[in-house]
Every structure is written in structure tokens, then in C-alpha cells.
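Working notes for the structure below.
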Amino acid sequence: MKLEHRTENNVDIVALPNRLVMANAAEARSDLKQVIQQGSGRVVINLSQTEFMDSSGLAVVVAGLQAARKMNGDVHLAHMSDTIRALFELTRLHTVFQIFDDEADAVAAFA
């Protein structure tokens, strides 16, 4: 699985898959870290396609944040469904990440 990736205004935008679970988490983590290390460290993770995420999926997103911050960057989250937002709130990760309704706002927040 290759994550969908593009760059806009020196910000890497990565779309996560429909389901981010233990079965595909290791590959997703590797792909995300590679995007971060080859880019600026400023990343927007687009969750518009992600309908389900388990704890392994959360670990992928947190690993991305750690990798970005090692490069003095950050990770913003965008287009989060109500289900995924509830998961982030339950785990209190909504206090760690900046969450945006819109991808453009997430990219603009890096300016």
C-alpha cells in the first residue's frame, strides 16, 4: 500500500487509507515516515477516506508526529469523520494535534 501523497506550499499532504488497522499499520507507518523524512517535516494528514482506525492506526499517526517534530515540523489533521474524531477525543489525542475541518486551512496554518 502506498499512501496518496502530494505537496502544496512546501507542506506534504498524505491521505490515509479507508481502514487503518493492525494489518496495514506497519506499512502505513513506514510510508508516512518516508514522506516526512524526504520532505519539510510539515505534514497534513487527510482523513477524509478513513472510516475506521484502531489503536494501531493511532500509533501510525503518533509516529508521524514524532518524526515530524524531530525535524522541527508538525502534523495537522484534516477532514476527520465524527467516528475518528470521537476516537481522538476518547484517547485525548485531540489535545496533541491541531485538527482542521478543511485541508486548505490545515495547510495555511503552517504559514
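Would you please state which residues of the stretch 11-35 a label at LEU93 would reach in this model, taking the label point 7 Å out along Cα→Cβ and a backbone N cut-off of under 17 Å?
Answer for the stretch 11-35: 14-34.
Extent of the stretch 48-111 along each principal axis, from alpha carbon coordinates, in Å, largest to smallest?
Principal-axis extents of the stretch 48-111 (Cα, largest first): 29, 24, 20 Å.
Treat each spin label as a single point 7 Å out from the Cα along the C-beta direction, and report the ARG19 to SER56 distance in nm.
Spacing of the two 7 Å Cα→Cβ label points: 1.0 nm.
If you take the Cα Rg of the chain and divide it by 2.2 N^0.38 Å, with N the number of residues, what do you get? It would help to have the intermediate numbers written out before the result.
On the way: Rg = 12.4 Å, N = 111, 2.2 N^0.38 = 13.2 Å.
Normalised Rg, Cα atoms only: 0.94.
Quickly estimate the mean residue ellipticity at 222 nm for the chain, helices only: each DSSP H run with n ≥ 4 gives -39500 (n - 2.57), and the total goes over all residues, rounded to 500.
On the way: 4 runs with 48 residues, N = 111.
Here the helix-only value at 222 nm equals -13500 deg cm²/dmol.
Let me know the longest stretch in the chain that avoids all trypsin sites (Lys or Arg not before Pro) found in a DSSP loop with at most 13 other C-beta atoms within 10 Å.
3-91
Within 12 Å, Cβ to Cβ, of LEU77, how many net charges do the neighbouring residues add up to if Lys/Arg are +1 and Asp/Glu are -1?
-4
Throughout, read-outs are computed from the coordinates displayed, never taken from laboratory work. What you see is a predicted model; the values in this text were computed from it and never measured. When we count neighbours, we look across all protein chains shown, and the Cβ atoms used for this are built from the backbone with ideal geometry, even at glycine.
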